[in-house]
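Novice: Handing you a structure now.
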Amino acid sequence: MKHVLVVDDDEFVRVSLKEILERAGHSTELAVNGDDAMDKIDRRKPDVIFLDIVMPEKEGMETLLELKRVSPEIKIIMISGGGSFHDTNDYYMAAELFGADAVLKKPLRGSTVLEALETILSKEDSFPMG
């Protein structure tokens, strides 16, 4: 069981991801934007973060960069349906370049969410011990 933080400005997405993750046995915490996420991370560091790319206030890319600077060990799965004025492929490529461990496109399916989570966690377990 892992502790997962879900960061998204859309309540439906937050609650849906929480249900999917908790049914799979993970503890889950919710945040509405990057500032809220950073506050929650200060109190309890998650193993994995699902982080929306496009949000008001402190958005996903800014939060991703800050997280990689202060807590590079946290695994981050970026999620987005894209913005109305931008090419969504630019978002996904930038997220990967900035250090996201995975990028998922909305709408999200439960099986896709759990598969992405399992993939990044299995990479964590497969590093050889030095």
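The values are calculated or read from the model by the stated rules, or taken from the named source; none is laboratory data. This is a predicted model, so every value here is computed, not measured. Positions of Cβ are generated from backbone atoms using ideal geometry, with glycine treated the same way; all protein chains shown enter the neighbour counts. Note: areas computed on protein heavy atoms with side chains; ligands, DNA, RNA excluded. Shrake-Rupley method; radii C 1.70, N 1.55, O 1.52, S 1.80 Å.
Novice: So what is the 222 nm mean residue ellipticity for the chain from helices alone, if each DSSP H run of at least 4 adds -39500 (n - 2.57) and you divide by all residues, rounding to the nearest 500 deg cm²/dmol?
Specialist: On the way: 5 runs with 60 residues, N = 130.
Counting only the DSSP helices, I get -14500 deg cm²/dmol.
Novice: How high is the relative contact order of the chain, given as a whole-number percent (alpha carbon pairs under 8 Å, six or more residues apart)?
Specialist: Numbers: 192 pairs, mean separation 27.3, N = 130.
Once normalised by length, the contact order is 21 percent.
Novice: Once the whole set of protein chains is in place, how much accessible area is left on residue 66, using a 1.4 Å probe, in Å² to the nearest 10?
Specialist: 50 Å²
Novice: Using 7 Å Cα-to-Cβ label points, what is the residue 43/residue 121 separation (nm, one decimal)?
Specialist: Those two pseudo-labels are separated by 2.3 nm.
Novice: Next question. Protein chains only, probe 1.4 Å: how do 52, 47 rank by accessible area, largest first? Mind showing how you got there, number by number?
Specialist: Details: 52 5, 47 60 Å².
Sorted by accessible area, descending: 47, 52.
Novice: When the chain is fully extended, how far beyond the present Cα-Cα distance does residue 1 get from residue 23, taking 0.36 nm per residue of separation?
Specialist: 6.8 nm
Novice: On to the next question. Counting pairs of Cα atoms in region 1-71, how many percent are more than 16 Å apart?
Specialist: Cα-Cα pairs of region 1-71 separated by over 16 Å account for 41 percent.
Novice: Full extension from residue 106 to residue 70: what is 0.36 nm times the residue separation minus their Cα-Cα distance, to one decimal in nm?
Specialist: Additional length available on full extension: 10.2 nm.
Novice: Follow-up question, since we're still on this one. Just the number please: accessible area per residue for the chain, 1.4 Å probe, all protein chains included, in Å².
Specialist: With the other protein chains kept in place, the chain gives 55 Å² per residue.
Novice: Can you give me the P(r) profile for region 1-124? Cα pairs, bins 5 angstrom wide beginning at 0, each as a whole percent.
Specialist: Once binned at 5 Å, the Cα pair distances of region 1-124 give 2, 12, 25, 27, 22, 10, 2, 0.
Novice: Please arrange 50, 98, 12 by accessible surface area, largest first, computed with a 1.4 Å probe and ligands excluded.
Specialist: Details: 50 0, 98 90, 12 155 Å².
I get 12, 98, 50, largest accessible area first.
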